[in-house]
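Presented below is the structure to which this report refers.
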Amino acid sequence: MVYVGIDAGGSRTRARAVRNEAVVHEGDGGPGNPLMAQAGTVRASYHAALDGCPQADRVAACVSGAGGAAQRAQIEALLAERFPHADLHVAPDCVAAFLAAPPGSDVCIVAGTGSVVCSRAVDGSFLVSGGRGWILGDHGGAARLGRAALEHYVADVSGVPAPFAAQVRELFGDGEWRCVVRAIHAAPNPEPLLARAAPVLTAAAEDGQQWAVTQLELEMTALAGTAVRHIEQHMTGAGIVHVALSGGVWSSPAAQSMLTRALGRLSHRPVTVARSLADPLAGAIRLAHGSA
């Protein structure tokens, strides 16, 4: 049997096919979030990620923005065209991250292009908090971090350090502030473009620049608040809560340490925090296998 796992977020769509425990396909495409990207973009992203993939028996797609019935139906229809005889399952992207988290994890905080908090109920279903996109939510996600960095930059280009300006020029091909503003507003889906600027903010925070420290602290505190509310709402008892961190934002030591401190301040229960180093695609494959 061939099992296909898909991990689709605001910036990338990745696919892996496995037969007899051996990987027979790896593919990569663009944005796969049906709430944030146009339907044509989403279709193109999945086609790119699945180009050359063999027909599958079971497919599990863990997709950012697929929490609603309409969005799940959109992805299911797209996959049914590609895999007409497969057993299909579409879930939020945090499910893949949770299933790939270290054993014993109670909660997974995902911070990639966006952010979300996920845990598992006693009946095996998945409970999700946060999300809602970078305009109204997704605190601590790369799109919001990048937006904060670019807001600071365009407010006073002459006042930013030379390395900061060089990073922005590399991202946009031009450091003139009007070019940056124009590029963001012209993008049909600005979320991935904003997310690319997140390392500019985290690097500035790690360099001790106070504006960046303040902005990163605000975002991580808001994300920790979402996680604590999730724990209080969905998890009973008074024991230690084991939190796993998944997503590219956590490659920043400053982001990870600020989130950890904020959880310690806000949570009424003791919390341990560990970064999950496993690829969420492994969790999607587990879901496809039906072994999750």
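The values are calculated or read from the model by the stated rules, or taken from the named source; none is laboratory data. Since this is a predicted model, take the numbers as computed values, not measurements. With ideal geometry, Cβ positions are generated from the backbone for all residues, glycine too; neighbour counts draw on all protein chains shown. Just the protein is used for accessible areas: all its heavy atoms, side chains included, with ligands, DNA and RNA removed. Shrake-Rupley method; radii C 1.70, N 1.55, O 1.52, S 1.80 Å.
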#### Entry: Only listed residue being under 30 Å from VAL42 (Cα atoms) and either of a type in the set (A, V, I, L, M) or in a helix (DSSP H, G or I) (or both), chosen from ALA244, ALA203, ALA254
ALA244
### Query
If you check PRO102 against the conditions, is it surrounded by fewer than 24 Cβ atoms within 10 Å (Cβ to Cβ) and more than 20 Å from the chain's Cα centre (by Cα)?
no
### Query
What number goes with the only condition from (1) under 18 Å from THR202 (Cβ atoms); (2) open to solvent by 50 Å² or more (accessible area, probe 1.4 Å); (3) in contact (Cβ under 8 Å) with a residue 60 or more places away in the chain that ALA255 does not pass?
(2)
### Summary
Reported set for segment 219-234 where residues are open to solvent by less than 40 Å² (accessible area, probe 1.4 Å) and not small (Gly, Ala, Ser) is GLU219, MET220, LEU223, THR226, VAL228, HIS230, ILE231
#### Entry: helices (runs of 4 or more DSSP H) within segment 104-193 that include 3 or more residues under 21 Å from LEU218 (Cβ atoms) and of a type in the set (S, T, N, Q)
none
### Message
Considering only residues that are open to solvent by 40 Å² or more (accessible area, probe 1.4 Å) and within 19 Å of GLY247 (Cα to Cα), which ones fall in segment 168-202?
### Response
ARG196, PRO199
### Query
Do you know which residues across segment 1-48 are among the charged types (D, E, K, R) and closer than 18 Å to ALA73 by Cβ?
ARG43
#### Entry: Residue among SER11, SER64 that alone is within 18 Å of GLY114 (Cα to Cα), surrounded by 20 or more Cβ atoms within 10 Å (Cβ to Cβ), hydroxyl-bearing (Ser, Thr, Tyr) and in contact with a strand residue (DSSP E or B) (Cβ under 7 Å, 6 or more places away or on another chain)
SER64
### Query
Does ASP93 qualify as being crowded, with 22+ Cβ neighbours inside 10 Å, in contact with a strand residue (DSSP E or B) (Cβ under 9 Å, 6 or more places away or on another chain) and within 27 Å of VAL117 (Cβ to Cβ)?
yes
### Query
For residues in segment 116-167 being under 30 Å from VAL241 (Cα atoms) and polar (S, T, N, Q), which is surrounded by the fewest Cβ atoms within 10 Å (Cβ to Cβ)?
SER125
### Message
Considering only residues that are assigned to a helix (DSSP H, G or I) and modelled with pLDDT under 95, which ones fall in segment 206-224?
### Response
GLU206, GLN210, TRP211, ALA212
### Message
Under 6 Å between Cβ atoms, which residue pairs at least 6 apart in sequence (or on different chains) link something in segment 224-235 that is more than 11 Å from HIS268 (Cβ to Cβ) and free of Cβ contacts under 8 Å to residues at least 12 places away in the same chain with a partner that is hydrophobic (A, V, I, L, M, F, W, C) and part of a helix (DSSP H, G or I)?
### Response
none
